[in-house]
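Working notes, structure below.
The values are calculated or read from the model by the stated rules, or taken from the named source; none is laboratory data. For clarity, every value in this text was computed on a predicted model and none was experimentally measured. Neighbour counts run over all protein chains shown; Cβ positions are idealised from the backbone, glycine included.
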Amino acid sequence: MRTDERKLLAVFEQLAPEQQEKLIEFAEFLGAGDAVHDGPALAAPEILPRPAEETVTMAIRRLVRTYPMLERRCLMAEASQFLAEHALRGRAAQEIIDELEIVFAGHYRKLRDVGMRNAE
């Protein structure tokens, strides 16, 4: 086993079961790959409804599906920071999800505005 794998396993084993599950979900999210818009025109996002009992990880997945034209790498630092605030600092999921929705929508607006300027 590599050093980084041992380090990750040691951290994982120190977490509570609920935090372990969140870490696994986040790792799956990171491993899903980048969704990049490569078409000529930027499609409008298909806003998916927000379930009443949504976890932060589920919200990230929903927002990635809502905004497939965004590069995940651009969002990764912010999304992981929000997830850490929830999992490790105990910030309320609803509050984190509200902020994640604002972040994703903001990145979409920036991408759309850049596309509009480039089309002119």
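Looking only at residues of segment 1-26 that are part of a loop (DSSP other than H, G, I, E, B) and of a type in the set (A, V, I, L, M), we find that the one that is farthest from Leu88 (Cα to Cα) is Met1.
Within segment 37-84, track down each residue that is loosely packed, with under 12 Cβ neighbours inside 10 Å, more than 11 Å from the chain's Cα centre (by Cα) and either among the hydroxyl-bearing types (Ser, Thr, Tyr) or at pLDDT below 85 (or both). The answer is Asp38, Gly39, Pro40, Ala41, Ala43. The set of residues in segment 106-120 being surrounded by 13 or more Cβ atoms within 10 Å (Cβ to Cβ) and without any contact (Cβ under 8 Å) to a residue 60 or more places away in the chain consists of His107 alone. Screening Glu78 with (1) of a type outside the set (A, V, I, L, M); (2) in a loop (DSSP other than H, G, I, E, B); (3) within 23 Å of Val11 (Cα to Cα) gives one miss only, at (2).
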